[in-house]
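First up is the structure itself, then whatever we jot down about it.
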Amino acid sequence: MNDIANTTSQETVEKSDLVAYIESGCTPRGQWAIGTEHEKFGYRLSDLRPLPYGGPDGICAMLEGLRRYSWTPYFEDENVIALTKNDGSSVTLEPGGQFELSGAPLPNLHRVCDEVNTHLDQVAAVSKELGVGFLGLGFQPKWTRGDIPWMPKGRYGIMRKYMPTRGDLGLDMMTRTCTVQVNLDFESEADMVRKLRVSLALQPAAVALFANSPFVEGEPSGYLSYRSHVWTRTDPDRCGLLPFVFEDGMGFERYVDYVLDVPMYFVMRDGNYIDVSGRSFRDFLAGKLPGLEGDRPTIKDWEDHMTTIFPEVRVKRYIEVRGADGGPWGRLCALPALWVGLLYDSIALDEAEALCHDWPYEEIVRAHQEVARIGFQTELGGRTIHEITRDVVRIARDGLRRRAVAGNHDPDERGYLTTLQQLAESGRTPAEDLLDAYTTRWNKNIDPLFDEYAY
């Protein structure tokens with residue numbers, strides 16, 4: 001994916017530069033890449049408690065342990081808060097210590113899955129030495145919000161104060177959720193719009209396929225994807241499904257207008273976070289940001305602001321498809337396979353677009369809210385999500401077959417969709433299997449989950 005801006009990070013910008021920034025992501029089809037991200041919960045093997053930042057078995061110790069694999073530390077003040085490599089990959093921290101791999105842009109799913117496997121092998125090796133484990137799930141299943149240690153990143157302090165002013169579960173989103181997502185390229189403005197519309201419309205299907213977070217504080221929550229439910233009560237200004245995307249006139253400028261209207265969190269100056277939460281980036285463009293009058297934004301400020309926008313699918317200089325629960329090893333490769341199959345093959349994109357073309361936006365929103373609770377039983381467009389997901393997975397498989405990218409002893413990339421095909425055929429979400437285990441094998445004790453779902 002194209003990551004080269006036309007404006008240097010220190011030059012002040014106008015609105016036209018912000019539009020050009022997104023447009024600079026347009027990438028020829030032959031150069032399209034795939035980038036994946038996934039988060040996971042760390043815990044002590046001795047008592048299953050979440051990992052603090054410091055200490056001999058904390059998050060910092062994990063980061064230090066991973067440095068043996070040629071990662072370069074990134075510091076905020078004296079704290080290591082990330083690891084990076086020259087290929088564009090990184091290991092970063094979410095507010096509650098969720099450990100995230102942001103993968104390099106890679107040419108195919110075989111390379112993507114190799115990267116995921118290598119990372120998890122490295123994490124497992126360091127974890128064993130420290131006596132800790134990592135869990136693939138969409139929501140912290142056992143511990144309360146108050147049990148979760150906060151990571152020492154300046155932006156999280158600002159967000160922690162602001163979140164409760166906009167939604168009652170924003171702090172749970174920050175500290176107790178994990179997701180898996182994929183970053184994909186577009187070749188033109190029209191291509192971006194088509195991919196954004198299709199991926200937003202199909203979010204209810206993706207939520208059902210990956211629903212994997214039925215527990216809150218050791219008990220069933222009444223939801224199959226409590227993570228997805230949490231996002232509906234986080235911040236209406238910056239979350240959700242973006243109605244304007246489905247309207248006439250959608251394009252790069254319209255998306256920029258949306259981002260300009262999302263209240264800011266912070267501005268970075270001289271390495272320090274300045275709290276401007278709730279303020280307007282439009283005022284910033286005009287040099288009228290309260291407390292920073294006369295100061296005008298740079299591309300770096302715009303990049304920072306764009307990272308604080310949290311719709312189910314968002315646009316940077318590529319498209320981030322975000323709305324799936326974190327899960328076990330096998331499903332981490334299935335998420336990028338689903339969206340690559342749907343969006344990177346022209347015939348598949350045509351079919352996916354036709355599948356959801358007539359769904360009213362209000363129906364998509366309703367289904368997206370309901371699917372977190374009832375999964376495949378949700379109805380959309382006169383059909384159940386179960387029926388829709390069978391079509392979605394079939395279209396994606398056909399798209400991967402036509403891509404015909406061989407690797408890892410496979411003739412193409414369809415094997416990464418096997419787990420989703422099984423789910424789509426069965427009509428049972430992963431969360432329902434967890435609930436069955438809870439009531440039978442686990443005797444209503446959540447602790448065995450930490451062993452069975454550990455990486």
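The values are calculated or read from the model by the stated rules, or taken from the named source; none is laboratory data. These numbers come from a predicted model, not from an experiment. Don't worry about glycine lacking a Cβ; one is built from the backbone with ideal geometry, like all the others, and counts go over all protein chains shown.
For the reader, a short list of remarks on this structure follows.
- From GLY138, GLY146, GLY157, GLY133, residue being in contact (Cβ under 8 Å) with a residue 24 or more places away in the chain and out of contact with any strand residue (DSSP E or B) (no Cβ under 6 Å at 6 or more places or on another chain): GLY157
- The set of residues from the range 441-455 being in a helix (DSSP H, G or I) and surrounded by 12 or more Cβ atoms within 10 Å (Cβ to Cβ) comprises PRO448, LEU449, PHE450, GLU452.
- Annotation: of all residues in the range 185-197 being in contact with a Leu (Cβ under 9 Å, 6 or more places away or on another chain) and surrounded by fewer than 24 Cβ atoms within 10 Å (Cβ to Cβ), the one that is farthest from ARG390 (Cα to Cα) is ASP191.
- Within the range 407-440, the set of residues being exposed (fewer than 12 other Cβ atoms within 10 Å of the Cβ) and over 24 Å from ALA208 (Cα atoms) comprises HIS409, PRO411.
- Evaluation of ASP412 against (1) under 25 Å from the mean Cα position of the chain (by Cα); (2) of a type in the set (D, E, K, R); (3) within 25 Å of LYS195 (Cα to Cα) (one fails), failing number: (1)
- Once the range 157-184 is narrowed to residues that are touching a Pro at 6+ places or on another chain (Cβ under 7 Å) and either of a type in the set (Ser, Thr, Tyr) or part of a strand (DSSP E or B) (or both), the residue that is nearest to ASN108 (Cα to Cα) is VAL182.
- Residue count for the range 345-365 satisfying the condition of being farther than 21 Å from ALA396 by Cα and either out of contact with any strand residue (DSSP E or B) (no Cβ under 8 Å at 6 or more places or on another chain) or not in a helix (DSSP H, G or I) (or both): 3.
- For GLY96: the one exception among (1) among the small types (Gly, Ala, Ser); (2) modelled with pLDDT of 95 or more; (3) surrounded by fewer than 21 Cβ atoms within 10 Å (Cβ to Cβ): (3)
- For GLY341: the one exception among (1) assigned to a strand (DSSP E or B); (2) surrounded by 24 or more Cβ atoms within 10 Å (Cβ to Cβ): (1)
- Count - residues of the range 66-93 that are surrounded by 19 or more Cβ atoms within 10 Å (Cβ to Cβ), in contact (Cβ under 8 Å) with a residue 60 or more places away in the chain and either among the acidic types (Asp, Glu) or closer than 17 Å to HIS119 by Cβ (or both): 2
- Inspection of the range 283-299 finds no residue satisfying the criterion of being acidic (Asp, Glu) and either in contact with a Cys (Cβ under 6 Å, 6 or more places away or on another chain) or in contact (Cβ under 8 Å) with a residue 40 or more places away in the chain (or both).
- Just one of the listed residues (ASP257, ASP248, ASP235) is under 22 Å from the mean Cα position of the chain (by Cα) and either farther than 25 Å from GLN422 by Cβ or assigned to a helix (DSSP H, G or I) (or both), namely ASP235.
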